[in-house]
Amino acid sequence: MLICYIDESGTPDIPGNTSHYILAGVSIPVEKWKDCDRDIETLKTRVGLAHQEIHVAWMLRRYIEQTKISGFDSLDYQQRRYQVNAFRTTELLRLQRTKNKPLYKQTRKNYQQTDAYVHLTYDERKNFILNMARLVSGWGFARLFAECINKIYFDPNRAKQTIDEQAFEQVVSRFEQYLRSISPKAQSQDKTGDSTKNFGLLVHDNNQTVARKHTLLMKKFYRDGTLWTDLENIIETPLFVDSELTGMVQIADLCGYALRRYLENGEEELFDLLFKRADRKYDVVVGVRHFTEPSCVCKICRAHKKPTVI
Ligand SMILES: [Zn+2]
């Protein structure tokens, strides 16, 4: 059995504040789960992040107060945390006095989302994320599936589905194709029945917005009789887990982030490491798609096309 962890990056809203919406899934054989989780936890513990949830987008922001604390890099973790917290408390009190409620609320939210990471400098945080990507890159048993939608190209008037539906259907269908391709039955023409199938289980991040959305999408797919009727290998009940509880959902978050930052900003370092895990058939990438204008020559679009035989 294989587990596919699913997470999104960017917003499906049009236009929203990102040009791309990414839905990413990372599958691993169920028997590898414990090893993967332990390896992730080891990396986290090394930089004082044991049992903390890793949210890549929040982690890779610049924390302005760190630059305002003199000699920040030379302080130890505890001192850094103390200094940042002191700075942040002062700033929140100041904002409270200005009576600018939206700014106060936004700042407080930013502080909460980044609280676990403030003892690390920007370079240390970046290094840590790179090490996570290197780890995943080396997992020969893992596969990456993703639908990357360029929202500027997506025409809601012509499309039969919403961005959410298209992304979800694409990721699930590609996972199904992969499961079929690795079933012993498919490989050996052995018709012994279902016992030879590789079953797949979808696991979603249990954040309220995503969980609700995916539950509604699944209900719709069942009702309309589309998608699920064609699925032979995926177990119909989706599972939701708190990403705090499993490092693997955080890996799906990392993959979504890397794909989006590559497509929107041309950032290649994380992308190159993680794209190695994209599902391939005879060297052609079949697991990850960039939904955009046909003339696109990005690495995903190029990897989709069969190499020309000379
Ligand atoms: Zn492309």
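List the pairs whose first member sits in the stretch 250-272 and is part of a loop (DSSP other than H, G, I, E, B), whose second member is surrounded by fewer than 24 Cβ atoms within 10 Å (Cβ to Cβ) and among the basic types (Lys, Arg), and whose Cβ atoms are under 6 Å apart, counting only residues at least 6 apart or on separate chains?
Correct list of pairs: Glu267/Arg261.
Test Leu254 against the criterion of being within 22 Å of Phe141 (Cβ to Cβ), touching a Lys or Arg at 6+ places or on another chain (Cβ under 9 Å) and away from the ligand (no atom under 16 Å from the Cβ), and give yes or no. Before you say what the answer is, go through the steps one by one.
Details: within 22 Å of Phe141 (Cβ to Cβ): yes; touching a Lys or Arg at 6+ places or on another chain (Cβ under 9 Å): no; away from the ligand (no atom under 16 Å from the Cβ): yes.
Against the criterion (within 22 Å of Phe141 (Cβ to Cβ), touching a Lys or Arg at 6+ places or on another chain (Cβ under 9 Å) and away from the ligand (no atom under 16 Å from the Cβ)), Leu254 does not qualify.
Please count how many residues of the stretch 264-295 are within 14 Å of the ligand (Cβ to nearest atom) and open to solvent by less than 30 Å² (accessible area, probe 1.4 Å).
Result for the stretch 264-295: 7.
Any idea how many residues of the stretch 14-45 are open to solvent by 80 Å² or more (accessible area, probe 1.4 Å) and in contact with a Phe, Trp or Tyr (Cβ under 8 Å, 6 or more places away or on another chain)?
Counting residues in the stretch 14-45 that are open to solvent by 80 Å² or more (accessible area, probe 1.4 Å) and in contact with a Phe, Trp or Tyr (Cβ under 8 Å, 6 or more places away or on another chain) gives 1.
So in the stretch 118-165, with the set limited to residues that are β-branched (Val, Ile, Thr) and open to solvent by 20 Å² or more (accessible area, probe 1.4 Å), which one is farthest from Lys32 (Cα to Cα)?
Ile152
Restricting to the stretch 297-310, give me the number of residues that are in a loop (DSSP other than H, G, I, E, B), within 12 Å of the ligand (Cβ to nearest atom) and either of a type in the set (A, V, I, L, M) or modelled with pLDDT of 95 or more (or both).
Residues in the stretch 297-310 being in a loop (DSSP other than H, G, I, E, B), within 12 Å of the ligand (Cβ to nearest atom) and either of a type in the set (A, V, I, L, M) or modelled with pLDDT of 95 or more (or both): 2 in total.
Can you name every one of the helices (runs of 4 or more DSSP H) wholly within the stretch 50-109 that holds 1 or more residues which are open to solvent by 80 Å² or more (accessible area, probe 1.4 Å), within 27 Å of Gly247 (Cα to Cα) and in contact (Cβ under 8 Å) with a residue 12 or more places away in the chain?
Once the helices (runs of 4 or more DSSP H) in the stretch 50-109 are filtered for at least 1 residues that are open to solvent by 80 Å² or more (accessible area, probe 1.4 Å), within 27 Å of Gly247 (Cα to Cα) and in contact (Cβ under 8 Å) with a residue 12 or more places away in the chain, what remains is 77-98.
The values are calculated or read from the model by the stated rules, or taken from the named source; none is laboratory data. This structure is a prediction, so every number in the text was calculated from the model and none was measured. Because the Cβ atoms are built from the backbone with ideal geometry, glycine has one as well, and the counts that use them run over all protein chains shown. The area values use the complete protein model at the heavy-atom level, side chains included, leaving out ligands, DNA and RNA. Shrake-Rupley method; radii C 1.70, N 1.55, O 1.52, S 1.80 Å.
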